[in-house]
Amino acid sequence: MVGEANLKRTPLYGTHVGLGGRMVPFGGWEMPVQYTSILDEARAVRMKAGLFDVSHMGRVTIEGAGAATLLSRVFSSSPTAVKVGRGRYGVICTPEGGILDDCILYRRAEQRFLLVPNASNADPVVEWLRRWGSGVSDARIAVITPSLAMVALQGPVAASMLQGLTSADLSTLRTFSFVEEKDKGADSIVARTGYTGEDGFELMVPSGNVAGVWKVLMERGATPCGLGARDVLRLEAGLPLHGNDIGLTTNPYEAGLERFVDPDREGYVAGTGLRQIRDTGPSRKLVGFKLLGRSGITRHGYPIMDGSKPIGEVTSGGYSPTLDMNIGMGYVPKSYAAPGTRFAVDVRGRLAEAEVAPLPFYHRRRDP
Amino acid sequence: MNPPDLRYSKEHEWVRLASDGTVLIGITRFAAESLGDVVFIDIPEAGRQLDQFKKLGEIESVKAVSDLFSPVSGQVVERNQAALDNPQLVNDSPYDKGWLLKASLRNQAELDTLMTAQQYEQYLSSEGSH
């Protein structure tokens, strides 16, 4: 994969290569898919703590007196409802209700927001912001991805592992809250967010410092984890992956993301389209399913069948090391969406029996 | 690293001849490492016929599905149930606990069409250089 044209590298590229990471192209970046074993890395996150380079995701600052106005036009819920020091998950929809991206919006100050889109969607999202922001006065958009690196520390011991490296009291930092601090004089962010279904943090630190942060967290026992483990973990947690489970041809109501959408806002560019979908109700739903027995591994694009009739399509699938079963997600007509409903998946010509399961597949144990 | 008493195919399967004339078939460490974590194995049941170099079944890792090819002709005697139940055995122990099939041979001379360990290692280094 080395030498593939125009692939970007994160500030941790040398670290990954030094650790024996298997580098693959992903969303325009050269990223580690695994260091040792995808399943062992995923298990480390569930048992202890894993460390991910997520610097390939976008970091986009929107600031100024018009920042909230611009974001209210494009983000799926009201940015002014997000308190300073909090983040909120949401989607960016087209006027028809298709999903351009899903992202987290962090509010750093009254008039300063940080949007974190997916790697391959960062450019389209920035273009989208510029397009809908053209008539908004004083909403400045700045891509800070190259200067601010990002790593995720995820797992049941993430908080104790990180405590002491930050001046923040992590025991009082709630999920989707964040603190800002100076790291060697530069701004850093410690956010209690992630994409694994586990407790954990996403750390945004100046690019020049990130290799040091990575090293210290490894010394404290965090297992380096690649994109393969990230995909396994997010599927277990029932979290959609843009490009697989959601995209321009899907809408947030059928994808089960309606709780992140408030279409009744003045000036929201997707309002009309989303209200229409909400009011008629989606005709299909994104569901989770378990394969009965070990009847097969389902993958993106495989047809979902009722007998010989195709009724839908798998969007994600694989083996769950935590549950020791084969799981997947896909779109089916609403009448097939209730947990317990059975259908089959066409696995390259062979029918594998499956049953709808409630999402998420995996719930982390919470502190008593 | 590749046991000297086995024979190897270009498709990265190995064959071990037992004293009773049956063979064990598996995939090489190189194949297991290239695939990554094996999560599903789809291979024929006892009694099914195998034809040399024809598709035998499928092996799936977390990231991808690959075809398996039979290194010899014969008949399936037994499948390795432990590996079917715990496919990661193929990664952990590709030449031992992670074997896939036991088969009877139709033509023992076919073994001579396969590579020795030394030839296989040369094959790997020539394959890796292009």
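The values are calculated or read from the model by the stated rules, or taken from the named source; none is laboratory data. Bear in mind that the values here come from a model prediction, so they are computed numbers and not experimental data. Heads up, the Cβs are rebuilt from the backbone with ideal geometry, glycines too, and the neighbour counts pull from every protein chain shown.
Before moving on, here are some points about what is shown:
- Residue check for A:Phe26: of a type outside the set (Gly, Ala, Ser) and buried (at least 21 other Cβ atoms within 10 Å of the Cβ): no
- Selection of the range B:17-32 for residues being touching a residue at least 12 places away in the same chain (Cβ under 8 Å) and either out of contact with any Pro (no Cβ under 8 Å at 6 or more places or on another chain) or in a strand (DSSP E or B) (or both) yields B:Leu17, B:Gly21, B:Thr22, B:Val23, B:Leu24, B:Ile25, B:Gly26, B:Ile27, B:Phe30.
- Residue that is surrounded by the most Cβ atoms within 10 Å (Cβ to Cβ), among those in the range B:48-63 that are at the interface with chain A (Cβ under 9 Å from one of its Cβ atoms) and not in a strand (DSSP E or B): B:Val62
- For A:Asn6: the one exception among (1) polar (S, T, N, Q); (2) in a loop (DSSP other than H, G, I, E, B); (3) at negative phi; (4) surrounded by fewer than 24 Cβ atoms within 10 Å (Cβ to Cβ): (3)
- Candidates A:Gly293, A:Gly312, filtered to the one that is surrounded by fewer than 21 Cβ atoms within 10 Å (Cβ to Cβ) and either out of contact with any Lys or Arg (no Cβ under 8 Å at 6 or more places or on another chain) or away from every other protein chain (no Cβ under 14 Å) (or both): A:Gly293
- Restricting the range A:13-38 to residues that are in contact (Cβ under 8 Å) with a residue 40 or more places away in the chain and farther than 21 Å from B:Asp37 by Cβ, the residue that is farthest from the other protein chains (Cβ to nearest Cβ): A:Gly14
- Any hit, the range A:98-113, residues being assigned to a loop (DSSP other than H, G, I, E, B), of a type in the set (D, E, K, R), in contact (Cβ under 8 Å) with a residue 60 or more places away in the chain and farther than 22 Å from A:Leu153 by Cα: no
- Neighbours by Cβ (under 8 Å, 6+ apart or cross-chain): first from the range B:71-89, buried (at least 18 other Cβ atoms within 10 Å of the Cβ) and among the hydroxyl-bearing types (Ser, Thr, Tyr); second at pLDDT 95 or above and assigned to a loop (DSSP other than H, G, I, E, B): none
- Residue, farthest from B:Glu110 (Cα to Cα), within the range B:63-94, restricted to residues that are modelled with pLDDT under 95 and of a type in the set (D, E, K, R): B:Lys63
Let's see how each residue does on (1) within 30 Å of A:Arg299 (Cβ to Cβ); (2) among the hydroxyl-bearing types (Ser, Thr, Tyr):
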position: A:Leu162; (1), (2): no, no
position: A:Ser188; (1), (2): no, yes
position: A:Asp199; (1), (2): yes, no
position: A:Gly226; (1), (2): yes, no
position: A:Arg230; (1), (2): yes, no
position: A:Gly243; (1), (2): yes, no
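- Residue match in the range B:107-129 (condition: touching a helix residue (DSSP H, G or I) at 6+ places or on another chain (Cβ under 7 Å) and free of Cβ contacts under 8 Å to residues at least 60 places away in the same chain): no
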